[in-house]
Amino acid sequence: MAKEGEPPATTEFEELRHEVAELKEVVRVLIDSIDEVRDELQWLARNGLPTGDPLPTSPVLKQMAADPCADDWGDRLVIERGDTVVPAERETEPTNSTPELPELPESGKLF
């Protein structure tokens, strides 16, 4: 039985259902956010921090001796080793700079 001045039980149940539905949506958003952070951390663990430094080029074998048993086989190898050229705009840019982080929400706010 409801006391005088209190809303009926059906109204309380409706309010509770509404609050639980909102809570369910907030938990879903939190789970999605945690999944995104996990994906980013997995990528960083596999690939390392992006530094912006150019990668060195791989050596390319251009010519070799027809007879692999020849005494001067190693001398006949022609290998082109590419040089890494750093663009001018990257020379002045620091390579270990920390990326800017987004602003944090106010305390107690989720969105």
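Would you please list the contacts, defined by Cβ atoms under 8 Å and residues six or more apart or on different chains, that run from a residue in segment 67-81 that is under 18 Å from T57 (Cα atoms) and without any contact (Cβ under 8 Å) to a residue 60 or more places away in the chain to a residue that is of a type in the set (V, I, T) and in a loop (DSSP other than H, G, I, E, B)?
Pairs found: R81/T57.
Among the residues of segment 46-56, is there at least one that is within 32 Å of the chain's Cα centre (by Cα) and in a helix (DSSP H, G or I)? Break it down into steps so the answer makes sense when it comes.
Taking segment 46-56 as the starting set, the residues that turn out to be within 32 Å of the chain's Cα centre (by Cα) are 46-56.
Then keep just the ones that are in a helix (DSSP H, G or I); that gives 46-47.
Yes, segment 46-56 has at least one match.
Only the coordinates and a few stated rules stand behind these numbers; no lab work does. Just so we're clear, the structure is a prediction, and the values are computed from it rather than from any experiment. Here the Cβ is made from the backbone with ideal geometry for all residues, glycine too, and neighbour counts use every protein chain on show.
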